[in-house]
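Data block below; observations after.
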Amino acid sequence: MKKSSKDYQRLGKGGHWMIRLSLSVVFFLSGLFKAIDPKGTSYKIAEYLTSFHCYQLADNEMLMLGTSLCLCLVEFVLGVYILLGIRRRLASWLCLILSTGFALLSLYVWIFNPVSDCGCFGDAVVLTNTQTFLKGVFLLTLAGMYFRYWNKTESLLSDGSHWIVSLFSMCFIFLFGMLSAFYLPMVDFRPYKVGVNILQAMEIPHDAEAPVYESSFILSKDGKEKRFSLENYPDSTWTFVRAENKLIKRGYEPLVKDFSVSDTLGNDLTDRILTEKNLFLLVSSDFSHADDAHIDEINEIVDYCHSKGYEFAALTASSGEDISKWQKYTGANYPIYISDEVVLKTMVRSNPGLMLLEKGTVMAKWSCNNLPMPEEDTDILSLHQDTRTSFLQLLKIILCYVIPLLFIIFVTNLQRTNKTNLNNSKMRKKIVAGNWKMNKNLQEGVALAKELTEVVKNPNCGVVICTPFIHLASVAEVIKGSAIELGAENCADKASGAYTGEVSAEMVKSTGAQYVILGHSERRQYYNETPEILKEKVQLALANGLKVIFCIGETLEEREANKQNEVVKAELAGSVYNLTAEEFKNIVIAYEPIWAIGTGKTATAEQAEEIHAYIRSTIAEVYGQAVADDTTILYGGSCKASNAPELFAKPDIDGGLIGGASLKAPDFKGIIDAWK
């Protein structure tokens, strides 16, 4: 057995599921958190681009927002694909590519420290750069293992559900992200969320541990730069370039650590702002990029506040020139104060946005796209916003996705089941065929045939027993008048002549047989039967009125190399795809994974269904969908009574070609009864 197969056995199905579940949860939540706050993600992307000196790209807000939405869509949908087993090969490639990119980026962040946190999960989970690097390595390791064993992933959906689940997931996350960008994040993980008292959030306990930094100084001399510490600071012949502070040990960090407000003259107004009652703040990180489509609404709110005696002011990080332009353009009759740009973007994800403070406590926040309009009988102060915990709000969003998803899966599976049942009753014949191989002498074979006629009464499928040549005529007499049909295990590739030991198709037909097995892997392996030989056998069998059970399948090496599709297609093309559509109606395909014949190993129902569906698709390419829908495709490979119901429940599996289990009447009957 190949090393990779042994490795998978050591990993086990449970280990594979753990890898699959871990990757899906990481990508699902990463995409969801980014969609909750797409503008925050766009700011983080701009930070990365700035560190690479791509200033023009970083300044393009629409490009950054579009990139943010695309990233959250890819991550979210990838998480869904991995969890449900949709587009498994595509998902494995995409997972590996993204994980490799994230790992390299996390290495860059760890070494050069261009950003304070990676932004992998938005503001929901903030990681240090070291944690980001470790997460990147761990994620890449899992992605590599998933990529190696992607073909072991079982789909949790019927094939008919894949496209609609994909479309629903893409539409949900994209529209959700657009709503969050147009309004405000539905779940606020930032320090300035509704209900937070900024003044209290800035406090540092007296006994709190302070952070420890290591200071270093970069100086130059004779065109060369060198790093120094305080202990070995050089003489005045060196020229100072810059100072750097590296965090050695994290101390206590308050929830809010960088909030400050000043007037245009530099006077500190922080305490005043945080102790003011009923203060409305118009928050704009940059007036030159602010959305000016809602100026009239803002001015209405300003007039309303003045009439009610409420304070109204603006916070911005704009230059004096941009402030003057804003005042002139909007007719602003309210004070404008200065604060940090990053802080303002964190306070409200809208430019401009509106915030209501009550003695430093955030009472409400609004995007410029849903400003509260004053009404005669309603006070804006009474418009309290949702203050439920972030967990409950997040759970609500997840349920808004999961509940419709489950409904879609249920409906599509129900439709597929109904369609399958209709096809089963009106089109394809269901068959359980026994291949005795080189077993049983004549007397034993006759006895087994008699026993089968006694236990197999009114089966819900066609039953065929394929016996050695010496049994055919005798068994034909035994099963005459029963529900069982007869088949041979082989026939010659010549019509007649001096071919000692061979049995022609005409001879087989003369015994009373209706079927013949051709192309079995054991005939291909031990007797070197080529596609050309099999083509001749098929033609002769059909010419003599026999129906052909034509076997195809891949070896373990071919399965592990993911070549099973091209192998089975080549075997069909080489021997039966030359037939006319009318001739092909007498062909029954038997897919037999060679690695599962007589080994006790069985392809999973999902693996078998996947390749059966592929085989049917190739038939449709050659003969059309109607012929493909009418073609019976059997599964052969350690099929037994215990796994037959699961296999036969799949829409493209129409029965089984049974080996060892067909030599005992109770075992064979148990498989036949699976159709009940």
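Mind listing whichever residues of the stretch 221-238 are in a strand (DSSP E or B), open to solvent by 80 Å² or more (accessible area, probe 1.4 Å) and touching a strand residue (DSSP E or B) at 6+ places or on another chain (Cβ under 8 Å)? Once the filter is applied, which keeps residues that are in a strand (DSSP E or B), open to solvent by 80 Å² or more (accessible area, probe 1.4 Å) and touching a strand residue (DSSP E or B) at 6+ places or on another chain (Cβ under 8 Å), the stretch 221-238 yields GLU225, LYS226, ARG227. The set of residues in the stretch 436-486 that are more than 17 Å from ILE658 (Cα to Cα), assigned to a loop (DSSP other than H, G, I, E, B), in contact with a helix residue (DSSP H, G or I) (Cβ under 7 Å, 6 or more places away or on another chain) and among the aliphatic types (A, V, I, L, M) contains only ILE479.
Across the stretch 563-574, what is the number of residues that are open to solvent by less than 40 Å² (accessible area, probe 1.4 Å) and not small (Gly, Ala, Ser)? Before you say what the answer is, go through the steps one by one.
Taking the stretch 563-574 and keeping what is open to solvent by less than 40 Å² (accessible area, probe 1.4 Å), we get 564, 567-568, 571-572, 574.
Then keep just the ones that are not small (Gly, Ala, Ser); that gives 564, 567-568, 571-572.
The qualifying residues number 5.
Taking the stretch 431-453 as the search range and keeping residues that are touching a residue at least 40 places away in the same chain (Cβ under 8 Å) and open to solvent by 20 Å² or more (accessible area, probe 1.4 Å), which one is nearest to LYS669 (Cα to Cα)?
GLU451
Just to be sure before I move on: is ILE653 out of contact with any Lys or Arg (no Cβ under 7 Å at 6 or more places or on another chain), β-branched (Val, Ile, Thr), part of a helix (DSSP H, G or I) and over 16 Å from LEU452 (Cβ atoms) in the structure I sent?
No.
Taking the criterion of being in a helix (DSSP H, G or I) and crowded, with 16+ Cβ neighbours inside 10 Å, the residues of the stretch 575-605 that qualify are SER575, PHE584, ILE594, TRP595, ALA596, ALA605.
If a residue must be outside any helix (DSSP H, G or I), out of contact with any Asp or Glu (no Cβ under 6 Å at 6 or more places or on another chain) and either closer than 18 Å to GLY655 by Cβ or polar (S, T, N, Q) (or both), how many such residues does the stretch 611-633 contain? Spell out the reasoning first.
Our first condition is that a residue be outside any helix (DSSP H, G or I); within the stretch 611-633, this holds for 624, 631-633.
So of that shortlist, the ones also out of contact with any Asp or Glu (no Cβ under 6 Å at 6 or more places or on another chain) come out as 624, 631.
Of the ones still in play, those that are also either closer than 18 Å to GLY655 by Cβ or polar (S, T, N, Q) (or both) are 631.
So the count comes out to 1.
For the stretch 272-304, filtering for residues that are surrounded by 12 or more Cβ atoms within 10 Å (Cβ to Cβ), of a type outside the set (S, T, N, Q) and in a helix (DSSP H, G or I) leaves 13. Within the option set PHE138, PHE176, being part of a helix (DSSP H, G or I), among the aromatic types (Phe, Trp, Tyr), closer than 30 Å to LEU78 by Cα and open to solvent by 60 Å² or more (accessible area, probe 1.4 Å) holds for one residue only, PHE138. May I ask you to say which residue of GLU571, GLU566 is in a helix (DSSP H, G or I) and either farther than 18 Å from GLU609 by Cα or of a type in the set (Phe, Trp, Tyr) (or both)? Of GLU571, GLU566, the one residue that is in a helix (DSSP H, G or I) and either farther than 18 Å from GLU609 by Cα or of a type in the set (Phe, Trp, Tyr) (or both) is GLU571. Within the stretch 117-135, the set of residues being surrounded by fewer than 18 Cβ atoms within 10 Å (Cβ to Cβ) and either under 15 Å from the mean Cα position of the chain (by Cα) or not in a loop (DSSP other than H, G, I, E, B) (or both) comprises VAL125, THR130, GLN131, LEU134.
Go through the stretch 22-43 and report how many residues are open to solvent by 30 Å² or more (accessible area, probe 1.4 Å) and of a type outside the set (Val, Ile, Thr). If you could, list the steps in order and put the result at the bottom.
Step one: of the stretch 22-43, the residues open to solvent by 30 Å² or more (accessible area, probe 1.4 Å) are 22, 25-26, 28-29, 39, 43.
Of the ones still in play, those that are also of a type outside the set (Val, Ile, Thr) are 22, 28-29, 39, 43.
Total meeting the criteria: 5.
Counting the residues of the stretch 312-341 that are open to solvent by less than 80 Å² (accessible area, probe 1.4 Å) and under 26 Å from LYS359 (Cβ atoms) gives 14.
Just one of the listed residues (ALA483, ALA498) is of a type in the set (A, V, I, L, M, F, W, C), open to solvent by 60 Å² or more (accessible area, probe 1.4 Å) and more than 19 Å from PHE550 (Cα to Cα), and it is ALA498.
Being outside any strand (DSSP E or B), closer than 24 Å to GLY360 by Cβ, at pLDDT 85 or above and small (Gly, Ala, Ser) is a condition met by at least one residue of the stretch 198-220.
Across the stretch 508-530, what is the total count of residues that are assigned to a helix (DSSP H, G or I) and surrounded by fewer than 18 Cβ atoms within 10 Å (Cβ to Cβ)? Write out each step before concluding.
Filtering the stretch 508-530 for residues assigned to a helix (DSSP H, G or I) gives 508-510, 521-526.
Filter once more, so that each one left must be surrounded by fewer than 18 Cβ atoms within 10 Å (Cβ to Cβ): 510, 525-526.
Here the count works out to 3.
Scanning the stretch 537-562 for residues that are loosely packed, with under 15 Cβ neighbours inside 10 Å and within 22 Å of VAL508 (Cα to Cα) turns up ALA543, GLY545.
Conditions tested, residue by residue: (1) of a type in the set (Lys, Arg); (2) surrounded by fewer than 17 Cβ atoms within 10 Å (Cβ to Cβ); (3) at pLDDT 90 or above.
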{"position": "GLU621", "(1), (2), (3)": "no, yes, yes"}
{"position": "ALA628", "(1), (2), (3)": "no, no, yes"}
{"position": "CYS639", "(1), (2), (3)": "no, no, no"}
{"position": "GLU646", "(1), (2), (3)": "no, yes, yes"}
{"position": "LYS664", "(1), (2), (3)": "yes, yes, yes"}
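Filtered by the rule that a residue be open to solvent by 40 Å² or more (accessible area, probe 1.4 Å), β-branched (Val, Ile, Thr) and touching a helix residue (DSSP H, G or I) at 6+ places or on another chain (Cβ under 8 Å), the stretch 55-100 gives THR67, VAL74, THR100.
Here is a check on your reading of the model: is TYR515 within 26 Å of ALA543 (Cβ to Cβ) and in contact with a strand residue (DSSP E or B) (Cβ under 6 Å, 6 or more places away or on another chain)?
Working: within 26 Å of ALA543 (Cβ to Cβ): yes; in contact with a strand residue (DSSP E or B) (Cβ under 6 Å, 6 or more places away or on another chain): yes.
Against the criterion (within 26 Å of ALA543 (Cβ to Cβ) and in contact with a strand residue (DSSP E or B) (Cβ under 6 Å, 6 or more places away or on another chain)), TYR515 qualifies.
The set of residues from the stretch 245-271 being surrounded by 13 or more Cβ atoms within 10 Å (Cβ to Cβ) and either without any contact (Cβ under 8 Å) to a residue 60 or more places away in the chain or under 44 Å from the mean Cα position of the chain (by Cα) (or both) comprises LEU247, PRO254, LEU255, VAL256, PHE259, SER260, THR270. On the basis of being open to solvent by 60 Å² or more (accessible area, probe 1.4 Å), of a type in the set (A, V, I, L, M), in a loop (DSSP other than H, G, I, E, B) and farther than 28 Å from ARG428 by Cα, does ALA492 make the cut? The answer is no for ALA492.
Considering only residues that are surrounded by fewer than 15 Cβ atoms within 10 Å (Cβ to Cβ) and over 23 Å from GLY501 (Cα atoms), look in the stretch 456-472 and name the one that is farthest from the chain's Cα centre (by Cα). Steps first, please.
In the first step, residues of the stretch 456-472 are kept if they are surrounded by fewer than 15 Cβ atoms within 10 Å (Cβ to Cβ); the result is 457-458, 460, 470.
Retained after the next criterion (residues that are over 23 Å from GLY501 (Cα atoms)): 457-458, 460.
Details: LYS457: 47, ASN458: 45, ASN460: 39 Å.
Here the answer is LYS457.
Just checking, does the stretch 180-199 include any residue being in contact with a Gly (Cβ under 8 Å, 6 or more places away or on another chain) and open to solvent by 40 Å² or more (accessible area, probe 1.4 Å)? There is at least one residue in the stretch 180-199 that is in contact with a Gly (Cβ under 8 Å, 6 or more places away or on another chain) and open to solvent by 40 Å² or more (accessible area, probe 1.4 Å). Looking at the stretch 7-103, the helices (runs of 4 or more DSSP H) lying wholly inside it that each contain 1 or more residues that are of a type in the set (Phe, Trp, Tyr) and under 22 Å from SER285 (Cβ atoms) sit at 38-51, 55-58. Does ALA608 fit the bill of being open to solvent by less than 60 Å² (accessible area, probe 1.4 Å), more than 17 Å from VAL463 (Cβ to Cβ), in contact with a Phe, Trp or Tyr (Cβ under 6 Å, 6 or more places away or on another chain) and not in a loop (DSSP other than H, G, I, E, B)? Taking the combined requirement at face value, the residue satisfies it. Scanning the stretch 87-125 for residues that are within 24 Å of GLN607 (Cβ to Cβ) and modelled with pLDDT of 90 or more returns LEU90, ALA91, SER92, TRP93, LEU94, CYS95, LEU96.
The values are calculated or read from the model by the stated rules, or taken from the named source; none is laboratory data. All values derive from a computational prediction rather than experimental measurement. Here the Cβ is made from the backbone with ideal geometry for all residues, glycine too, and neighbour counts use every protein chain on show. Heavy atoms of the whole protein, side chains included, go into the accessibility calculation; ligands, DNA and RNA do not. Shrake-Rupley method; radii C 1.70, N 1.55, O 1.52, S 1.80 Å.
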